[in-house]
Structures are given as structure tokens and as C-alpha cells.
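J.: First, the structure itself, so that you have it in front of you.
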Amino acid sequence: MSSSREPGRSTPASATPVGPAVELPPAPSISAFREVPRTGVIFVTTEARRRGFDPGADDWCNLGQGMPEADALPGAPPRQHAVTIDPGDQEYAPVPGLWELRETIASLYNQLFRRGLPSQYTAENVAVSGGGRTALTRVAASLGHLNLGHFLPDYTAYEELLDVFRLFSPIPILLEGERGYAFSAADLRREIQGRGLGAVLVSNPSNPTGKVIGGEELEGWVAAARDLDCALILDEFYSHYVWRPDLAAQGGISTAARYVEDVDRDPVVILDGLTKNWRYPGWRVTWTVGPRKVIDAVASAGSFLDGGGSRPLQRAAIPLLEPEATLAETRAIHAEFGKKRARLLNGLRDLGFSVDLPPEGTFYVWASAQHLPPSINDGMSFFRAALDRKVIAVPGDFFDVDPGKRRGGRYSRFRRHLRFSFGPTMDKVELALERIRALIDDAARQA
């Protein structure tokens, strides 16, 4: 395998192998097109395929995957295995989504999070799209000339997204592992005022650290956005994977929708979907919830970016979003994924990894390899060695979001870290820990 793509922040699309064992010569470049980077998960999957990885094979442990196991869980609603297509659903869906689904999403937020509040979401506060990145892209395309704050570390796909639209200027905000990646409402106010931020983008719970902004802290964030007229763009795709005991009284769901005072005036934009919280990633049904003027802009962006999502799947999604079904799914997630969280977290610690913050949310453990044997004590070297054991993880470099590579690929603060997923089944988590133990033992003997 060529080492020309080290240190591994991205790899050009022309390098995609065809099948697990086929290596094609480099394709000639076309001057009109730039090399578009891959997200971290796509990079590691591509590298794994070079070693024979097949997503359908049972002999790999993919702890790099950004999706939850999608099979039935005890106590969860029955899984959908068929979609009926009405004759009218052969047509395009409206770009903002089916009205009935938009009404259902608005009702879900109102019933679960906004009971008794005078301002309620309506269908006009919701736009449906075909996937999380599509929703994010629509929002980014709707922003004007402003400074947009984003955090380090955060979701890998933000990097290219924040670079491709040149109307706004991305402003990085550093989070510290020594502080447990904490960032208070007072910190947020200081950054908004000091850096002149017009918008802030953040995943909550955080991918990759698992940090959750919740309760009074999240209420303070919403208040800061309201008071300072700074749009708060919240990626809440993991909002049902919340492990903090103090948030259990809220049903284990952390969402800013609880703290919005006026749904059409507060500059709070929420992104979510079936992908993680309902465990239907293949459906590509996601949504944006926010003020009507924002939703109008997002829909207009969708009209030239993507044209709208799948009409049959949008209609099929409606019964999945009934409040009782949603709460039952969330309880099942907490029961089953909580066990996997404990096993992977404790297992990695026992193997010598250090963890800045036990995950308060998501289905990831953000761990440092700095105390492992020298040959595998950084994210990229561990990742490559683990591929030989048929284990996949994502090196921390990818989460050091650097739009446009303005920092010039300089030393990453997260080069020692990796993101490990407990999205797969428990048996895969157990097998991965066994293989990682063998890898570390062999590296120690050779040191």
C-alpha cells in the first residue's frame, strides 16, 4: 500500500478501489476539477477495503462506522421491512418535504418538548431532506456574509462543508480535553461578542467526544443566541443517545427545542433525522427545524442543491415518529447501547487507552493511544496496525476540522486520539477488544 497519502487527512476520489482486491492505476487528472477530500469514515473504509474489508463479511470489526446497529432491539417498536408505494408517490416530493411528514415532525417536537409553551412549531417550521449532509449543506448554503464559529474537535464532514461555501468565514473555537471539552454559555457569549460571530455550528451530543450540552447549560446557550442575535445551528443527530443521569428526567433526550421561546424569532436551527435516533440510516430521511424564514431559505437552497428527498420513504416515516413509538425506541437504545458503552469504555481503559471524557452522549468513545507501545501510540499508526487485525477505528486527525487547510496541515492536537464506535453489535465490540489486546501485546513485545 502506498504511503503517499500520509498523514491521512484526505484522499482523492480517484483512488477509490473497485472491489476489495482490485487496485487500479491512478486516473488522469482533469484540469477543471479539484481533488475533493473524503470524510474520515470514508477514508478509513477505503483503506480497509484495500486490506480486504467487505461490509457484508462477518470477520471484520468495524468500530469506525458512524451508524448504529439497525436490527430489532428488545422493547423497541417492530422494525419496518417493507414500504408501500402509493401511485401518487411515484412523483417528486415537494422540496421542503411532504406536508403530512412536516406536520408530524412539528407535532413530535411540540408534544415531547414544548407542552404548555405558547409558541408551537408548525409544518412551516420544518423542512425535510434526503440525509444529514444534505440538511447541513442546505443550511450552509442559506447563510450570508458572516463569521461562523465551529469547534475543535467536531464532525469530520464539517471541514469541506465549511470551505465550499465562500460567503461566510469559518472561525475555529478550541475545546480542551483537560476541561472535559466543556464550553459554558458564558464562554459562548464571549466568543460571539469577541469574534463577531453571526452563527455557531455544533454537534450536540458531540461527535466525536460525546460531550453533551444539556439542561440549564443548553438553556443558557439558547438564551445567548437569542440575546446576541447569533444563529445557533445544532446537529442533534445523536440527541437520543444521552448517558448523563441528570438528563434521564428528560427522557434521555437533549434538544434545544425545549428552550426556544418563540419558534419564529429565536435564531435556533435544529437538524435531526431517522439516521441515528430511529436507527434507519439507509432511509436518508432527515429534517431541519427552525424559524419559518430560515425554513423558506433552506427549501430554496434545496431547490437547486438536491431537489428534495424520497417521497415513498417520507410517507413511510410518518408512523415511526409517533411520540410513544419514539420514546419506546429511545428507551430500547438506552438499555442496549448503554451496555455496549460500558463494555467498550472499560475495555479500552483496561488496554491502556486514556479517555478525556467518558461519553455523555453518542455511541462513540474518544480515546488517546499516547500510553500504548511506541509503534502504535498515535491515531494513524494504531489505525493501520489495527487493519491487519481486521479492526477499524477513525484516527483523531480527521476531527481537527480545518476548512481550506488554512493551518497548512500542521501538527494536530488530536493526532494521538481515535474514535471507536459502539454502534455495532456487542459481539463485534467484544471481538474487537480481543483483537486490540493481541495487537498491543505484540507491539509491547517488539518494543
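The values are calculated or read from the model by the stated rules, or taken from the named source; none is laboratory data. Being a predicted model, the structure only gives us computed values, none of them experimental. Cβ atoms come from the backbone with ideal geometry, glycine included; neighbour counts cover every protein chain shown.
J.: Would you check if T330 is at pLDDT 95 or above, of a type in the set (S, T, Y) and within 15 Å of R102 (Cα to Cα)?
T.: Working: at pLDDT 95 or above: yes; of a type in the set (S, T, Y): yes; within 15 Å of R102 (Cα to Cα): no.
Answer is no for this residue.
J.: I need a count of the residues in segment 215-237 that are small (G, A, S) and either in contact with a strand residue (DSSP E or B) (Cβ under 7 Å, 6 or more places away or on another chain) or buried (at least 24 other Cβ atoms within 10 Å of the Cβ) (or both). Let's see the steps before the verdict.
T.: The initial filter retains those residues of segment 215-237 that are small (G, A, S), namely 215, 220, 223-225, 231.
Remaining after also requiring either in contact with a strand residue (DSSP E or B) (Cβ under 7 Å, 6 or more places away or on another chain) or buried (at least 24 other Cβ atoms within 10 Å of the Cβ) (or both): 225, 231.
Result for segment 215-237: 2.
J.: Identify, by number, the condition in (1) over 21 Å from P55 (Cβ atoms); (2) in contact (Cβ under 8 Å) with a residue 24 or more places away in the chain that F420 doesn't meet.
T.: Every listed condition holds for F420 apart from (1).
J.: Condition first: in contact with a helix residue (DSSP H, G or I) (Cβ under 7 Å, 6 or more places away or on another chain) and outside any helix (DSSP H, G or I). Now tell me which residues in segment 318-356 satisfy that.
T.: If the condition is that a residue be in contact with a helix residue (DSSP H, G or I) (Cβ under 7 Å, 6 or more places away or on another chain) and outside any helix (DSSP H, G or I), then L351, G352, V355, D356 are the ones that fit.
J.: Let me ask another. I'm checking my understanding of the structure. Among residues of segment 98-137 that are within 15 Å of P312 (Cβ to Cβ) and within 22 Å of the chain's Cα centre (by Cα), which one is surrounded by the most Cβ atoms within 10 Å (Cβ to Cβ)? So that I can check it myself, show each step before the final result.
T.: Quick first cut of segment 98-137, residues within 15 Å of P312 (Cβ to Cβ) only: 98, 100-101, 128, 130.
Next, only the ones that are within 22 Å of the chain's Cα centre (by Cα) stay: 128, 130.
Working: V128: 29, G130: 22.
Per the criteria, the residue is V128.
J.: Okay, moving on. Does K276 fit the bill of being farther than 24 Å from H334 by Cα and among the basic types (K, R)?
T.: Numbers: farther than 24 Å from H334 by Cα: no; among the basic types (K, R): yes.
Answer is no for this residue.
J.: With respect to L197, is the statement that it is touching a Cys at 6+ places or on another chain (Cβ under 6 Å), crowded, with 16+ Cβ neighbours inside 10 Å and not acidic (D, E) true?
T.: Values: touching a Cys at 6+ places or on another chain (Cβ under 6 Å): yes; crowded, with 16+ Cβ neighbours inside 10 Å: yes; not acidic (D, E): yes.
It is true that L197 is touching a Cys at 6+ places or on another chain (Cβ under 6 Å), crowded, with 16+ Cβ neighbours inside 10 Å and not acidic (D, E).
J.: Could you tell me whether S412 is among the polar types (S, T, N, Q) and crowded, with 24+ Cβ neighbours inside 10 Å?
T.: Numbers: among the polar types (S, T, N, Q): yes; crowded, with 24+ Cβ neighbours inside 10 Å: no.
Judged against the criteria, S412 is not a match.
J.: Exactly one of these conditions fails for L174: (1) surrounded by 18 or more Cβ atoms within 10 Å (Cβ to Cβ); (2) in contact with a strand residue (DSSP E or B) (Cβ under 9 Å, 6 or more places away or on another chain). Give me its number.
T.: (1)
J.: Answer yes or no as to whether A27 is within 30 Å of K390 (Cα to Cα), outside the structural domain of R292 (by TED's automatic domain parsing) and in a loop (DSSP other than H, G, I, E, B). It would help to see each step written out before you state the result.
T.: Numbers: within 30 Å of K390 (Cα to Cα): yes; outside the structural domain of R292 (by TED's automatic domain parsing): yes; in a loop (DSSP other than H, G, I, E, B): yes.
Yes.
J.: Could you pull out the residue among L148, L162 that is crowded, with 22+ Cβ neighbours inside 10 Å, aliphatic (A, V, I, L, M) and at pLDDT below 95? Write out each step before concluding.
T.: Working: L148 fails: at pLDDT below 95.
Answer to the selection: L162.
J.: Are any residues in segment 300-326 of a type in the set (G, A, S) and over 16 Å from A106 (Cα atoms), and if so, which ones? Walk me through how you get there before you give the answer.
T.: Taking segment 300-326 and keeping what is of a type in the set (G, A, S), we get 300-303, 307-310, 316-317, 325.
Passing the criteria: S300, A301, G302, S303, G307, G308, G309, S310, A316.
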